[in-house]
1. Would the stretch 37-93 count as rounded, prolate or oblate if I go by the C-alpha gyration tensor, calling it rounded below 1.5 in a/c and otherwise prolate when a/b exceeds b/c, oblate otherwise?
2. Determine, for each peptide in 219-225, 236-242, 28-34, 104-110, the mean count of other beta carbons within 10 angstrom over its residues, then list the peptides with the highest first.
3. To the nearest whole percent, what portion of all C-alpha pairs in the stretch 121-261 is separated by more than 17 angstrom?
4. Rounded, prolate or oblate, given the Cα gyration tensor of the stretch 205-321, with a/c below 1.5 counting as rounded?
5. Give or take rounding to whole Å, what are the principal axis extents of the alpha carbon atoms in the stretch 68-148, in descending order?
6. Starting from one equal scatterer on each C-alpha and no solvent at all, send me the Debye-based log10 I(q)/I(0) for the stretch 111-152 at q = 0.24, 0.26, 0.28, 0.31 Å⁻¹, two decimals.
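Readers should treat all values here as calculations from the given coordinates under stated rules, not as data from a laboratory. Only a predicted model underlies this, so the values are computations on that prediction, with no experimental measurement involved. Note that each Cβ is placed from the backbone with ideal geometry, even for glycine, and that neighbours are counted across all protein chains shown.
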Ligand code: HEM
């Protein structure tokens, strides 16, 4: 299987027993159809990248988009390394994640694994967390480092700035944008709280990690079953699958080993890309009427360790992985999930959005296009390798309705934002 050695160089090696059990491959659900004609594909690409077209936001709360992306990264990762233009068969498309909703994107191979032990605290039970860095904008409330509110990062003094910013999590895709990064962090925090809860309830040290993982995974699956899926799929279809069983998922040719249907990974589940918005009511700072602008997509890429520099600037600066001087999330960028989900549905008044929290007006989100992403290689047979570091891929499509925000020297960020019109 594909892997990297201690110096990060790609190698192939025999899979271990546990890896063998968790090694999945892509399968195909339906028959291979004819290739779509060039005209139709061009028309589709034009429609997707038409910045002037109205793309009203869904009424699904914005946070679910990134819970959806987190689920994508927990289920599927095409790790095929091929040359541009070479043919890749279905069997050669290596699936790098277990399609079992088991949070392997959070736990990796567990705290005792020689490679993945670095994701864990010294107690080998809790997952590591990072601390944010104090900043001055907009007031003294953010002038403090906050432990537990950033992803754990390589840090230290060695390597380049980009190396030090890298997240210490099994799947670096979860630091591609700040919304998915803070979602990943929420799962780390949940695991650590469950550990505390079980320890206080008397669960032995020996069983603590496995007991906590099991509880977290079951909550995760329950949440997806009862809350996420009925929002993105017709609830009648969800009910049908859970009462009558699944009929299409496992490939009959592969015995009992689960596989990832290519139609799901490369087509159907990418429906999440159409849920992405141009801007977000992020927290008390970056919101409509706040001291900062609404959090544009570019800003959500800027404030990550994998795509951004935690400092600001535009696309040009982000193209230099070592730009900026900051190596972790500034405190003013911690997500306020009360603005991204509707927790009042759970009947918890303490989780209601703060008074005056704005909502993103419909029709004001036509700022960004997916043009540069569609120019990236499609992860399908015949495609070229992905670069090791995934850079920010979003570019503005039009200057209409946008403003560049620049801030006084010493401010930690500036960026592009679509303002409500
Ligand atoms: C700002 C948010 C997002 C960005 C920038 C993004 C970008 C990307 C990129 C660059 C790829 C790999 C390149 C390719 O295969 O074409 C990809 C793959 C994928 N994305 Fe997204 N995505 C986002 C959100 C989402 C969401 C919300 C979902 C689903 C709810 C999703 C589902 C998928 C899936 C299923 C794949 C294929 C994964 C694989 O098998 O390797 N993405 N995305």
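1. Here the stretch 37-93 falls in the oblate category.
2. Order by mean packing, descending: 104-110, 219-225, 236-242, 28-34.
3. 74 percent
4. The shape class here is prolate.
5. The Cα atoms of the stretch 68-148 stretch 56, 34, 23 Å along their principal axes.
6. Those come out to -0.75, -0.82, -0.89, -0.98, one per q.
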